[in-house]
Every structure is written in structure tokens, then in C-alpha cells.
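J.: One structure follows; several queries about it will come next.
The values are calculated or read from the model by the stated rules, or taken from the named source; none is laboratory data. Nothing here was measured: the structure is a model prediction, and the numbers come from that model. Methodologically, a virtual Cβ is constructed for each residue, glycine included, from the backbone with ideal geometry; neighbour enumeration extends over all protein chains shown. The area values use the complete protein model at the heavy-atom level, side chains included, leaving out ligands, DNA and RNA. Shrake-Rupley method; radii C 1.70, N 1.55, O 1.52, S 1.80 Å.
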Amino acid sequence: MDKVILITGSNKGIGYEIARQCGKLGFQVIVSGRDESRLRKAVEMLAKDNVLADSLLMDVSSNESIENAVKLFATRNIELDVLVNNAAIGIHEDNQLAYNNTEILERSLQTNSFGPLRVTKAFIPYIRRPGRIVMISSSGGVLNGEVGGWSPAYCSSKTLLNAITKHLGHELHPHNISVNAVCPGWVKTDMGGSGATRSVEKGAETPVWLASEAPQELTGQFLRDKKAILW
Ligand code: NAP
């Protein structure tokens with residue numbers, strides 16, 4: 001039986017590339033996103049690359065949308081082997097916490113931190129054991145040195161995502177589900193921009209490895225380039 005993987009925010013960027021690479025590895029792929037037509041185009045593009053994917057409409061910032069997605073998923077009578085929480089936003093005006101409206105931080109947390117937690121909680125009953133959850137995080141969320149001085153709301157949202165990952169790793173370990181965070185590096189996507197140093201293929205490499213062949217014992221760790229890094 002093919003392994004099944006669901007990737008949030010996978011109509012483009014790193015999420016799409018994770019879907020493509022996992023499809024090539026023989027996974028049954030479910031791409032997910034908040035816009036029906038963008039999702040349809042992603043499925044068409046994957047098909048041109050000989051990857052047959054299903055789609056699931058889900059806005060990770062909306063409880064109602066997540067509930068609807070889970071209801072629809074439940075009618076398909078399949079289980080997930082892997083859930084990848086990839087969807088995230090960066091907000092252009094996110095340049096300081098001190099004087100910006102807190103709405104920028106609230107929106108960042110809603111999508112980048114609460115989104116992955118809510119999606120995870122909603123799908124846990126549908127994850128096969130052993131199962132895997134991969135959180136696409138960022139070195140911007142790291143707190144063991146100086147902060148980078150860029151996009152503080154985005155970085156704070158990834159710090160919270162890292163904390164959530166570590167707690168979920170601990171809580172889900174007895175249930176045979178691994179939970180990891182990954183920093184993909186600075187990747188050429190709409191979010192990363194054209195000046196980024198990494199290709200989308202390289203950005204997807206460690207998430208795909210975690211989704212497929214990485215040892216489950218790595219649960220609860222934060223990885224970059226297949227190696228554990230400090231939170
Ligand atoms: P991207 O090209 O902007 O893609 C983001 C994806 O998330 C899009 O498919 C987008 O859908 C989706 N999305 C955003 N909000 C959503 C929502 N509320 N519900 C569902 N889907 C939503 O970004 P990326 O560079 O591929 O980033 C992927 C992940 O890597 C993110 O978690 C990001 O924080 C992380 N990351 C990226 C970099 C980098 O350099 N690129 C570095 C570190 C970490 P729409 O098309 O509808 O907007």
C-alpha cells in the first residue's frame with residue numbers, strides 16, 4: 001500500500017516541491033491550500049510531471065475551514081502516514097514589534113503557529129501508527145543567539161511553532177507519532193525571493209527525508225540539512 005502524505009500550503013513553493021518529490025518516491029500525495037483554482041493548477045502541474053495528486057481545500061488560519069477539510073477527508077476512508085505543516089505567511093510591513101500594529105503579529109501567529117497546531121490536532125485521529133508530522137519552521141525562530149533583526153512577527157511565530165513542535169514531540173511519542181521541525185534554509189520562492197541562496201529542490205530535501213526514511217527516533221528535534229540544530 002502506498003504511503004499517504006498531506007502537505008499544507010502546497011500549491012507552490014517548498015510545499016509543492018515536497019509534494020512533487022514525495023510523489024516521485026511513490027507516496028499518495030494530497031496537496032492542500034486555501035484557494036481552489038490555485039490548488040487545481042498545482043494538481044495539473046504535478047500530473048504533467050507524472051505525479052497523480054488529490055487535493056484538499058484548507059485555509060489553516062480558519063477553524064471552520066480546517067473542520068470542513070477534516071470532514072471531507074474522513075469521507076475518503078484513508079489514513080495519513082505523514083502530515084507536513086508547511087503553510088505560512090510573511091507580511092511585508094513586518095519590520096518591528098515595538099511600533100507596528102499588533103495585528104501583524106496576530107495574523108502571523110494565526111497562520112504560522114496556531115494553524116499547524118490546529119491542523120495537527122484535527123488530523124491526529126487520521127494518522128496511521130507509526131506516523132510522522134513535519135513542521136516547516138525557520139532559523140528565524142531560533143533563540144540561542146542574537147535575533148536576526150528581520151521580520152520579528154514572522155520570526156516570533158516560528159519560535160512558537162518550535163515550542164509547539166517540541167511539546168507535541170513529547171506528547172505524541174507514546175502514540176508512535178514523530179514530530180519534527182525543519183529549517184529549509186533560505187529558499188528561492190515567492191516568500192524567500194529571487195536573491196535566496198537555495199533552490200526549492202534543496203529546500204525540500206530535509207522535509208522529504210523526514211517524511212520518508214529518517215529514523216523515528218529523531219522525534220522532538222529541530223533539523224537543517226538532515227542534522228539536529230539548536231532551537
Ligand atoms: P510560499 O512560496 O509563499 O508558499 C507558501 C504557501 O503557503 C503557499 O502555497 C500559500 O498559499 C500557503 N498558505 C499561506 N497561507 C495559507 C493559509 N492560511 N492556508 C493554507 N495555505 C496557506 O513560501 P515558501 O517559501 O514555499 O515557504 C514554505 C514554508 O517554508 C513556510 O513555512 C515558510 O515559513 C518556510 N520557510 C521558507 C523559507 C524561504 O526562504 N523560502 C525559509 C525558512 C522557512 P497561497 O498561494 O494561497 O498564498
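J.: Name the residue that is farthest from the ligand (Cβ to nearest atom), counting only residues in region 173-188 that are of a type in the set (Gly, Ala, Ser) and touching a Leu at 6+ places or on another chain (Cβ under 9 Å).
T.: Here the answer is SER178.
J.: What single numbered condition from (1) open to solvent by 30 Å² or more (accessible area, probe 1.4 Å); (2) in a strand (DSSP E or B) fails to hold for VAL31?
T.: Just one mismatch for VAL31, condition (1).
J.: Provide a single number: the residues in region 133-158 that are touching an Asp or Glu at 6+ places or on another chain (Cβ under 7 Å) and either under 15 Å from ILE7 (Cβ atoms) or of a type in the set (A, V, I, L, M) (or both).
T.: So the count comes out to 1.
J.: Another one. Could you say whether any residue in region 92-103 is of a type in the set (A, V, I, L, M, F, W, C) and farther than 23 Å from VAL200 by Cα?
T.: Checking region 92-103: at least one residue is of a type in the set (A, V, I, L, M, F, W, C) and farther than 23 Å from VAL200 by Cα.
J.: Which numbered condition trips up GLU217, out of (1) farther than 19 Å from SER32 by Cα; (2) within 13 Å of the ligand (Cβ to nearest atom)?
T.: Tallying (1) farther than 19 Å from SER32 by Cα; (2) within 13 Å of the ligand (Cβ to nearest atom), GLU217 fails exactly one: (2).
J.: Can you tell me which residues in region 119-147 are crowded, with 19+ Cβ neighbours inside 10 Å and among the charged types (D, E, K, R)?
T.: ARG132
J.: For region 105-118, how many residues meet the condition of being surrounded by 21 or more Cβ atoms within 10 Å (Cβ to Cβ) and either more than 11 Å from the ligand (Cβ to nearest atom) or within 25 Å of PRO215 (Cβ to Cβ) (or both)?
T.: Count: 1.
J.: Could you look through region 194-218, keep only residues that are open to solvent by 70 Å² or more (accessible area, probe 1.4 Å) and not in a helix (DSSP H, G or I), and pick out the one that is farthest from SER138 (Cα to Cα)?
T.: Looking at the filtered set, the residue picked out is GLU213.
J.: I need the full set of residues from region 191-231 which are under 20 Å from LYS166 (Cα atoms) and among the acidic types (Asp, Glu), in order please.
T.: GLU217, ASP225
J.: Among the residues of region 119-138, what is the count of those that are of a type outside the set (Gly, Ala, Ser), in contact (Cβ under 8 Å) with a residue 24 or more places away in the chain, away from the ligand (no atom under 11 Å from the Cβ) and out of contact with any His (no Cβ under 9 Å at 6 or more places or on another chain)?
T.: Counting residues in region 119-138 that are of a type outside the set (Gly, Ala, Ser), in contact (Cβ under 8 Å) with a residue 24 or more places away in the chain, away from the ligand (no atom under 11 Å from the Cβ) and out of contact with any His (no Cβ under 9 Å at 6 or more places or on another chain) gives 7.
J.: Within region 9-25, how many residues are out of contact with any Phe, Trp or Tyr (no Cβ under 7 Å at 6 or more places or on another chain), of a type in the set (Gly, Ala, Ser) and near the ligand (Cβ under 10 Å from one of its atoms)?
T.: 3
J.: Kindly indicate whether LEU223 is surrounded by 13 or more Cβ atoms within 10 Å (Cβ to Cβ), in contact with a strand residue (DSSP E or B) (Cβ under 7 Å, 6 or more places away or on another chain) and in a helix (DSSP H, G or I).
T.: no
J.: Scan region 67-86 and give yes if some residue there is among the small types (Gly, Ala, Ser), part of a helix (DSSP H, G or I) and either within 16 Å of the ligand (Cβ to nearest atom) or within 23 Å of TRP150 (Cα to Cα) (or both), otherwise no.
T.: Taking every residue of region 67-86 in turn, at least one turns out to be among the small types (Gly, Ala, Ser), part of a helix (DSSP H, G or I) and either within 16 Å of the ligand (Cβ to nearest atom) or within 23 Å of TRP150 (Cα to Cα) (or both).
J.: Exactly one of these conditions fails for ASN77: (1) over 21 Å from ILE177 (Cα atoms); (2) surrounded by fewer than 18 Cβ atoms within 10 Å (Cβ to Cβ). Give me its number.
T.: ASN77 satisfies all of (1) over 21 Å from ILE177 (Cα atoms); (2) surrounded by fewer than 18 Cβ atoms within 10 Å (Cβ to Cβ) except (1).
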